[in-house]
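What follows is a short report on a single structure.
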Amino acid sequence: MGVIDLRSDFLSHDSPAMKAAARDAADSRHFGLREDPWQRKVEARIAEMLGQEDALVFPTCTMANTVALLLQAKPGETVVTQHAAHVLVSEANAGAALGGLWMTSVDTEGALPPLSSWDRAFGNGSDAQRSRVALAVLENTHMRAGGAALPVEYAHDVVTLVRKRGGALHLDGSRIFYAACALATTPARLASGFDTVSVSLNKTFGAPIGAALAASATHIERALVLRQRLGGGLRPMGPAAAATVAGLDDLSHIATCNALAARLASALANLPCIVPEAPAHPTNIVAAKVLTPWTAAMLCDALAAAGILALPMGVNHIRFVTYRGITADHVEHVIACLGDLLRNRAR
């Protein structure tokens with residue numbers, strides 16, 4: 001069967017239609033930062049899908065998130081987000097290093113901290129010794145909470161509270177298409193009320209363009225300058241943008257990826273020495289706690305020896321991610337191998 005790599009949906013396969021679109025646009029060569037017609041098409045499509053006025057493509061979602069932070073918070077101000085959010089733990093503290101921002105989380109763990117935690121994060125608003133909370137960031141799906149999708153109602157409540165407290169809002173929607181599918185809604189509904197929204201295009205679609213940021217035309221005009229300052233002005237864009245447009249035309253694999261992850265999580269629940277997380281609205285990520293005598297690194301090494309790659313997330317947690325290119329046969333093979341490893345060691 002070959003190696004089965006479940007470390008990340010960065011490994012998503014592009015579709016035949018995407019390959020064909022890239023070939024058809026092979027001669028599209030334009031110099032300007034937003035001159036290429038295929039680039040304008042993909043940006044307009046992303047803006048429409050996320051319910052925003054405009055959008056701009058980025059090499060990575062990390063850069064898109066960083067630009068969103070720099071757009072909406074000034075040096076010395078505070079950015080607040082969920083516990084263990086991507087902008088806190090997986091982006092090399094870019095907000096602090098590049099923007100002089102104080103990056104912090106609310107005081108309750110999990111993907112959906114109560115509104116009271118968000119309210120407390122803003123303080124009483126009158127302490128001259130405390131940095132102003134300028135921006136709230138929500139991550140949907142929340143990767144380190146087992147890929148939990150955040151319901152529309154919850155996001156709306158956070159938006160309402162943050163607006164009352166005078167803050168701006170960014171949605172790290174890296175995997176927002178998986179969230180929308182799990183919640184039977186649209187990405188635009190999940191993004192409603194946010195000033196800026198980022199989305200990964202390589203993770204979900206296997207697109208050659210890494211990500212995009214959607215926002216008002218005014219924000220995107222400023223984002224273009226910030227992206228250039230960070231070295232993110234991609235050129236030429238024609239073939240990559242054309243392939244991405246074709247990818248956005250086909251969302252059929254997303255439900256399949258979520259279903260394969262659900263099958264894997266269900267099987268893990270019946271195995272010894274491993275406890276899968278069970279978010280209320282799971283998506284294409286399966287996170288699990290590994291129990292003694294195993295550690296996450298030990299289990300990943302044992303799986304790798306069997307041709308299966310998973311990602312250790314700390315000492316006792318492991319992650320599997322499904323994506324386009326992973327099949328039901330792959331998942332059943334992983335389940336069988338995990339069962340053999342865990343049951344044999346438990347004897």
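The lone criterion from (1) of a type outside the set (G, A, S); (2) surrounded by 20 or more Cβ atoms within 10 Å (Cβ to Cβ); (3) more than 22 Å from the chain's Cα centre (by Cα) left unmet by Y323 is number (3). Restricted to helices (runs of 4 or more DSSP H) entirely inside segment 1-87, those with at least 1 residues that are closer than 28 Å to A288 by Cα are 61-72. Taking segment 88-104 as the range and being surrounded by 19 or more Cβ atoms within 10 Å (Cβ to Cβ), touching a strand residue (DSSP E or B) at 6+ places or on another chain (Cβ under 8 Å) and assigned to a helix (DSSP H, G or I) as the test, the residues that pass are L88, G95.
When segment 282-292 is filtered for residues that are surrounded by fewer than 22 Cβ atoms within 10 Å (Cβ to Cβ) and at pLDDT 95 or above, the ones remaining, listed by number, are K289, L291. Sort out which residues of segment 211-244 are assigned to a loop (DSSP other than H, G, I, E, B) and in contact with an Asp or Glu (Cβ under 6 Å, 6 or more places away or on another chain), and write them in order of number. Result: S216, M237.
The values are calculated or read from the model by the stated rules, or taken from the named source; none is laboratory data. Just so it is clear, the model here is predicted, and its values are computed rather than measured. No Cβ is skipped: glycine too gets one built from the backbone with ideal geometry, and neighbour counts run over all protein chains shown.
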